[in-house]
Amino acid sequence: MPKHRLALVILGLIFVASAYGAMTSSVTTAEITIKVGMLASPEDEDFDGALVFKDFVESRTNGRVAVEVYPSGQFCGQDRECMEGLQSGILEVYITTIGGFGSLFGPAQVLDMPYAFRDDQVAECVFDGPILGDLRRAALDRGLGMRLMTISNTGGWRNFATIGKQIRAPADLEGQKIRTTSAPVQQELVRQLGGNPTPVAWSELYTGFATGVVEGTKNGIQDIVGMKLHEHLKYITLDGHSYMGALWWFSESRWQELPEDVRRVVFEGFRQLQTVTRAMPIRRQIEAYETFREAGGTVYVPTAEEKALFRAAAAGMRAWFRENYGGEWLDKLDTAVATCENDLDAAFDAVNRGGASAQTSTQ
């Protein structure tokens, strides 16, 4: 090998070794390590949010804190295992669905009440309001060992998607075997709309369609395409019956060990994470819907009258919730939704009229 090429190779090896040493030393010299576990893959918005959280926390603490992200079940392979790790302090950060937390605190399923939110803005306003603190206190007061940091989004909105028929009205769901999670609120909705709720593990759903175990599901379009379920599903109806909220938790025992200044940085890091995870599903659904259509799928948007039929058919969900979990959390939800809708409507009216606030009108 010519001497000049050999010199270049040696320099390259030195550079790589130096870079590797810098990375490993930043981890080994960190005073605090925060491990983020998730079942989502690196293609998921939850992973994107975790990377933003990692970058923010590490950069703002100047290497004092190291954040390790474990996607695809690399740290813990099942929801229960991950939550136990969180509660014991082995894992610092974990994300659950609303239904996942509902397995520990049933009233939390109020956030999955069907057709409660008219759009993203109302849902996010509610999740950023007093209910966030109420859920955090509920978990801490019950000694669950989990501190709720923020509520983001994990896939947009749940919609009905089916193999053999388009769902245009609740009557079209009659007798259909619809895959649900194990959350009682999800199963009861399908039941009240006339379908046959069929809990199936997410990892087994593709096979479930192929074998006829289920005939439809209630998921966001990104999850459908990401799992290649559009190879079976041919119809999706954008009824938007629930916003796919994602609850991000910090281990309470580990939180108590954090210095106050680090707590502040972690708090701000979760705000950065929230921004990313709420925006990414809106962006990525564009390609997902295109992929669904290109595979021969039909996307149907219900009319206002048809949406009203779905809401009417699901009206019994409120009585079901009160019977099982009481009325306190329903009242909290109703108050939050009304407040957010009024505030958002007032903001639109101000823009629509071309008016300005008293403060800006004098400038």
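Taken together, the values in this text are just the output of simple stated rules run on the coordinates, not laboratory data. Predicted, not measured: the structure shown is a model, and the values here were computed from it. Cβ: placed from backbone, ideal geometry, glycine included. Neighbour counts: every protein chain shown.
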Discussion item. Is there a quick way to get the dipole size of the chain? I mean about its Cα centre, with the Cβ of Lys and Arg at +1 and of Asp and Glu at -1; what is the value in debye to the nearest 20?
Written reply: 560
Worksheet, complete the sentence: Taking the chain and counting helices only, DSSP H stretches of n ≥ 4 at -39,500 (n - 2.57) each over all residues, the nearest-500 ellipticity at 222 nm comes to -16500 deg cm²/dmol
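Can you give the convex hull volume of the alpha carbon atoms of segment 204-358 per residue, in Å³?
That works out to 236 Å³ per residue.
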Worksheet entry | Of all DSSP beta bridges in the chain, antiparallel share, percent nearest 5 | 55
Worksheet item: What's the Kirkwood radius of the chain in Å, using all Cα pairs?
Response: 22.5
Worksheet entry | Directionally averaged projected area (convex hull, Cα atoms, segment 97-187), nm² | 6.8
Worksheet item: Given K228/K332; K35/K177; K177/K307; K234/K332, which pairs have Cα atoms separated by over 32 Å?
Response: K228/K332; K35/K177; K234/K332
Discussion item. Using DSSP to call loops (not H, G, I, E or B), can you name the trypsin sites (Lys or Arg not before Pro) in segment 199-273 whose Cβ has at most 15 other Cβ atoms within 10 angstrom?
Written reply: K228
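Can you give me the relative contact order of segment 76-193 as a percent, contacts being Cα pairs under 8 Å and 6 or more apart? Each step should come with its number before you reach the end.
Values: 71 pairs, mean separation 27.6, N = 118.
Result for segment 76-193 is 23 percent.
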Item to complete: Can you tell me which of 148-154, 180-186 comes out highest on packing, and rank the rest after it, using the mean Cβ neighbours within 10 Å?
Response: 148-154, 180-186
Worksheet item: Considering every Cα-Cα pair within segment 161-244, what fraction, in whole percent, is farther apart than 23 Å?
Response: 9
Fill in: Per-peptide average of other Cβ atoms within 10 Å, ordering 94-105, 329-340, 287-298 highest first
94-105, 329-340, 287-298
